[in-house]
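Visitor: Here it is: the structure, laid out below.
The numbers here are math on the coordinates, done by the rules we state, and not lab data. No experiment lies behind these values; they were computed from the predicted model shown. Note: ideal-geometry Cβ built from the backbone for every residue, glycine included; neighbour counts use all protein chains shown.
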Amino acid sequence: MIRDALASLARQETLGDLISRAPLAGDVIRRVVGGDSVEDAMAVASELADRGRWVSLERAAPHVDTEAAADGVLADSLTLVDRLAQAGLGGVGEVSVFPESLTSGSPDSARGRLGALCEHATRAHVVVMVGMGPAAHVDATLDSVTAMQDAGLLVGATVQASLKRSEVDCHRLADRRVRLVKGGRRAAPEIAHEQPAETDKAYIRCAKTLLRGAGTPSFATHDPRMIEILESLTRRLDRPRQTYEYAFYLGRQEAAQERLGAAGERVRVYVPYGPQWFERLVGGLAEQPSSISAAVRSLLPGATA
């Protein structure tokens, strides 16, 4: 019920509207989203870069139902590439995108727009990180990404440890740019691990494979125990710092970010932005710290900030 109400509210107001109406809650929410526009996201990216963080910016578009909307996501992403390059942040900033946000349904149009974005980004010396959609689309997405990598484009792929196939995929991609995530999309038990403990074990097996490879793995996790295991693995495998990275959502595990950064580790912060930023936040509400959940709930009609 809360999720439905929040999603409805988000369709009616921008981040600026919410902050004006509920400033205390707005202060907290600004910690976890990059705002409504490219300008907002760039301001966050610049601040993070000044603090020594690397950044990954995504124009949040969870529901693209027309080709015109997909063109809008592409245009925004191209602008974001240009702005990162112009600001001198191409070396520490990347653009994240999900193939399904680049089409209203046609795989061909998604591939075409993704290819155009990656070609443009490579000319600007900016990396594009491709998110992973439903399990049924994994083969097509990985085939597209590896083909672009083979063509010399600056592009990486996301691998979900929750899928049983991912250990094989990590062996295949160990010399590439890969972001390893646990994976939050449900899939049939024959293709996905059902228990969180099994996903955790698979995540570590995948991490070992990637750390033994020649690629540049990105480990996306907010699990303190998992971070400790990854730190131990990098030492045991003699993996030099800055040849891999830890990735966090904006506003999550900030103490861990500070500790890792102070130790000389590369820390990347994922920043969602755009008109549908709130839907992305609501989608992960269950994983947000209680202070953020309370602030989000305070935005409901009739509640006090």
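Visitor: If the chain between GLU198 and HIS63 were fully stretched, how many nm would it gain, using 0.36 nm times the residue separation less the Cα-Cα distance?
Guide: Fully extending the segment from GLU198 to HIS63 adds 45.6 nm.
Visitor: Let me ask another. Where does the charge balance sit around VAL168 when Lys and Arg score +1, Asp and Glu -1, over other residues with C-beta under 13 Å from its C-beta?
Guide: So the surrounding residues net to +1.
Visitor: Shifting gears a bit: Which three extents, in angstrom, do the Cα atoms of the stretch 131-214 have along their principal axes, listed largest first?
Guide: 38, 27, 16
Visitor: Could you check the simple spin-label distance between ARG186 and THR243, using points 7 Å along Cα→Cβ, in nm with one decimal?
Guide: The answer from the label model is 4.2 nm.
Visitor: Now for a separate question. Work out the FRET efficiency for ASP139 and LYS208 from their Cβ-Cβ distance, taking R0 = 30 Å, and round it to the nearest 0.05.
Guide: Computed FRET efficiency for ASP139 and LYS208 comes out at 0.80.
Visitor: Given the Cα-Cα distance of ALA263 and GLU39 and 0.36 nm per residue of separation, how much length would full extension add, in nm?
Guide: 77.5 nm
Visitor: Sticking with this one: Just to check, using Stokes-Einstein with a Kirkwood Rh over alpha carbon pairs, what's the diffusion coefficient of the stretch 25-138 at 20 °C and 1.002 mPa s in µm²/s?
Guide: 147
Visitor: I've got another one for you. How much net charge surrounds SER104 when only other residues with a Cβ under 15 Å from its Cβ are counted (Lys, Arg +1; Asp, Glu -1)?
Guide: -3
Visitor: Right, another one. Work out the FRET efficiency for SER232 and SER46 from their Cβ-Cβ distance, taking R0 = 41 Å, and round it to the nearest 0.05.
Guide: Efficiency, from the Cβ-Cβ distance: 0.75.
Visitor: How large is the Kirkwood hydrodynamic radius of the stretch 37-273, counting all unique pairs of alpha carbons, in Å?
Guide: 18.0
Visitor: Given a Förster radius of 41 Å and the C-beta distance between ARG165 and ALA255 as r, what FRET efficiency does 1/(1 + (r/R0)^6) yield to the nearest 0.05?
Guide: Given R0 = 41 Å and the Cβ-Cβ separation, E is 0.75.
Visitor: Which one of GLY261, MET226, PRO240 has its Cα pushed farthest toward the positive end of the charge dipole of the stretch 213-270, where Lys and Arg give +1 and Asp and Glu give -1 at the Cβ?
Guide: Comparing the listed Cα positions along the dipole, PRO240 ranks first.
Visitor: Same structure again: Less than 14 Å Cβ to Cβ from VAL95, Lys/Arg counted +1 and Asp/Glu -1: what total charge do the surrounding residues give?
Guide: +2
Visitor: What size of dipole, in debye to the nearest 20, comes out for the stretch 37-273 about its Cα centre when the only charges are +1 on Lys and Arg C-beta atoms and -1 on Asp and Glu C-beta atoms?
Guide: Taking the Cα centre of the stretch 37-273 as origin, the dipole is about 900 debye.
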